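The values are calculated or read from the model by the stated rules, or taken from the named source; none is laboratory data. Keep in mind it's a predicted model, so treat the numbers as computed, not measured. For neighbour counting, all protein chains shown are included, and Cβ atoms are generated from backbone atoms with ideal geometry for every residue, glycine included.
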Amino acid sequence: MKKAIEPKRYYLAVKRNYEDVWRVIGEFDTQEEAQTVLDEKRAYVGSFNYDNAELKILSDVEAKKQFGTDWVYHKIGEKPPAPAKAKRAARKPKAS
């Protein structure tokens with residue numbers, strides 16, 4: 001029997017009515033924190049509003065399912081972290 005994996009992080013994602021992609025706009029420690037920000041975004045009316053946008057909260061497991069197993073969150077405008085390079089085995093010195 002597999003043990004259920006507890007999500008470690010939660011992400012707030014938005015998909016505006018004029019876009020075809022989901023954008024992750026925040027990272028949170030708890031689902032409650034993410035929900036609070038989602039509610040604030042939903043209530044905000046201004047030049048950069050979310051009136052006609054879909055908002056959802058994703059756990060880290062759900063985000064990897066949706067965006068790919070190698071997906072890693074990074075803030076909009078920041079470069080994504082470089083992928084980890086495979087380590088090479090140490091070479092043994094030649095016997096003289």
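Remarks
- Search result, residues across the range 7-64 that are of a type in the set (Ser, Thr, Tyr), modelled with pLDDT of 90 or more and either loosely packed, with under 12 Cβ neighbours inside 10 Å or over 22 Å from Gly77 (Cβ atoms) (or both): Thr30, Thr36, Ser59
- Under the condition of being closer than 15 Å to Leu58 by Cβ, part of a loop (DSSP other than H, G, I, E, B) and not aliphatic (A, V, I, L, M), the residues counted in the range 12-45 number 3.
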